[in-house]
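Below you'll find the structure, written out as structure tokens, and then a few comments.
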Amino acid sequence: MATTKVKGVCRICEKEYAASSLLRHIKTHLTKETAPKQNDTHFLIRANAGHHYMYILAPLKSHLYDLDHFLRNYWMECCGHLSSFMVDREEIDMDQMMRKIFYDGFKCEYVYDWGSSTYVDIEIKGAYALPNAPKELSILVRNNPPDALCGQCEKKQATILVMEDYYNGKNPFYCADCHDEDTEYYHRVTNSPRMGVCGYDGESDDDEQEKISIS
Ligand SMILES: [Zn+2]
Ligand SMILES: [Zn+2]
Ligand SMILES: [Zn+2]
């Protein structure tokens, strides 16, 4: 519900950068060792949803369903809804290996839940030779949690979101102390583009924010 993109911490060097300079920064890590294209091992994937973003490193051998699981884990999963990767309204087969589908500059849209849909723009920002990078999909950078102050006391971090207030044009953010416990429907404040949608409460987000080694 914030409108500007917040900063993110690079998990390779653990320094913080503005959203607009992150891609350039990440590439300084990835392109240090130049190698013939056939030695490429990983794609750099940017996932973008409103003011939320993730830069993901993915082995070329991963499948699209791996990216689906990944996005569900950190951003999406509420009740096991259907999801798809779409190009020009055509669905891409999730059983495909990334290297069969993705290339530098490739774009598609990920849709989670065909009812209350959440959309993610996927873009491939190059392939790189990183033989020592993680063999699983991993987050290189993720936007810092957006600031959400309690709209009542305006002092504490909000942990509770009341969508009814949001729809009525009121400040929907509450800290635990200011939140009226009789409110029937509320969500947890989460670092996800699906915050406040359907039953999403961020239960599956097990981001340990670990440093990543690629060399
Ligand atoms: Zn860095
Ligand atoms: Zn749901
Ligand atoms: Zn408060």
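The values are calculated or read from the model by the stated rules, or taken from the named source; none is laboratory data. Just so it is clear, the structure is predicted and the values come from calculations on it, not from any experiment. We place every Cβ from the backbone using ideal geometry, glycine too, and count neighbours over all the protein chains shown. Side chains included, ligands, DNA and RNA excluded: accessible areas come from the protein's heavy atoms. Shrake-Rupley method; radii C 1.70, N 1.55, O 1.52, S 1.80 Å.
A simple rule links phi to the HN-Hα coupling: the Karplus curve 6.51 cos²θ - 1.76 cosθ + 1.60 with θ = phi - 60°, which for region 151-168 gives x, 8, 8, 6, 10, 8, 5, 6, 10, 10, 10, 10, 5, 4, 5, 4, 5, 8 Hz, with x for Gly and Pro. Relative to one another, the C-alpha centroids of region 65-80 and region 158-187 are positioned 26 Å apart.
Are any of the pairs Lys7/Lys107; Lys37/Lys100; Lys5/Lys61 more than 20 Å apart by Cα-Cα distance, and if so, which?
Lys7/Lys107; Lys5/Lys61
Across region 196-207, rounded Karplus estimates of 3J(HN,Hα) from the backbone phi angles (6.51 cos²θ - 1.76 cosθ + 1.60, θ = phi - 60°) give x, 9, 6, x, 5, 9, x, 4, 8, 7, 10, 5 Hz, Gly and Pro being marked x. Carbon and sulfur atoms: what percent of the 1.4 Å accessible area of the chain do they account for? Carbon plus sulfur share of accessible area: 46 percent.
Sort 90-101, 54-65 by the packing proxy (mean of other Cβ within 10 Å over each peptide's residues), most packed first. It would help to have the intermediate numbers written out before the result.
Details: 90-101: 13.8, 54-65: 20.0.
Most protected by this proxy first, the peptides run 54-65, 90-101.
Rounded to the nearest 20 debye, the dipole size of the chain about its Cα centre is 1340 debye, using +1 on the Cβ of Lys and Arg and -1 on the Cβ of Asp and Glu.
Shape class of region 61-103 from the Cα gyration tensor (axes a ≥ b ≥ c, square roots of the eigenvalues): oblate, since a/c reaches 1.5 or more and a/b does not exceed b/c. Per residue, the solvent-accessible area of region 18-122 (1.4 Å probe, heavy atoms of protein chains only, all protein chains present) comes to 51 Å².
Dipole of region 26-173 computed with +1 at Lys/Arg Cβ and -1 at Asp/Glu Cβ about the Cα centre; of Tyr55, Tyr103, Ile26, farthest Cα towards the positive end is Ile26.
Taking 0.36 nm per residue of sequence separation and removing the Cα-Cα distance, the Tyr65/Lys27 pair yields an extension gain of 11.1 nm. Over the chain, all Cα pairs binned in 5 Å intervals from 0 give whole-percent P(r) values of 1, 7, 14, 18, 18, 16, 11, 7, 5, 3, 1, 0, 0, listed from short to long.
Taking amide H as placed 1.01 Å from N in the peptide plane, the amide H of Tyr53 sits under 5 Å from that of Asn143, each at least 5 places away or on another chain. Restricting the chymotrypsin sites (Phe, Trp or Tyr not before Pro) of region 160-194 to loop positions (DSSP other than H, G, I, E, B) with no more than 12 neighbouring Cβ atoms within 10 Å leaves Tyr185.
For GluC sites (Glu not before Pro), the sites in region 126-192 that DSSP calls loop and that have at most 14 other Cβ atoms within 10 Å are Glu136, Glu154, Glu181, Glu184.
In the chain, helices alone account for a calculated mean residue ellipticity at 222 nm of -3000 deg cm²/dmol, with every DSSP H run of four or more residues adding -39,500 (n - 2.57). Taking label positions 7 Å along the Cα-Cβ direction at both Lys7 and Ser20, the computed distance is 1.5 nm, reported to one decimal. The HN-Hα couplings worked out from phi for region 79-84 by the Karplus form 6.51 cos²θ - 1.76 cosθ + 1.60 (θ = phi - 60°) are 10, x, 5, 6, 9, 8 Hz, whole numbers, x standing for Gly and Pro.
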